[in-house]
1. How many residues, within the range 7-20, are at pLDDT below 70 and more than 15 Å from residue 84 (Cα to Cα)?
2. Looking only at the range 139-189, how many residues end up being over 21 Å from residue 101 (Cα atoms), in contact with a strand residue (DSSP E or B) (Cβ under 8 Å, 6 or more places away or on another chain) and assigned to a helix (DSSP H, G or I)?
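The values are calculated or read from the model by the stated rules, or taken from the named source; none is laboratory data. Keep in mind the model is a prediction, meaning the values are calculated, not measured. FYI the Cβ positions are ideal-geometry reconstructions off the backbone, even for glycines, and counts take in every protein chain you see.
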């Protein structure tokens, strides 16, 4: 069952990537395809037809794949983009890029604040989403303690570095106000 679900997810992610290219690429005749292209899933009874609107969150896509017949290409594109972001963040350089993007766009922090964040999380985990402190039990890129705190952002915190980054940035924002303030605290006490 789980293997089938993974294969289905991989297949739909590939299709979403192709649909994204089709939706933004001009044809040979200079005609643009709309981004609201819908797709009908095979082997689904007509009476369960449900058209998904583009403003529906991508998160709901996986949960409802078994019941929907028609899904917009923009949802698949969103899933494909997020999947690439997660895969990139599994490596330290990719995690740094994702964190910088989120810190700048969602929190409005400056380049100076990102440098503090980079120093802080390099010292804490070397940007390794699988990092675990054997003494304290702190886990992940931001070294959450207890690690289950990250469930406030997503239950996939063990395997999703983007969830860890989002949680860490929200924690820094709510507790210290900025990465530089959090790093100053870390320099004084070796934790934040």
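1. Residues that pass the stated criteria total 1.
2. The number of residues fulfilling the criteria is 1.
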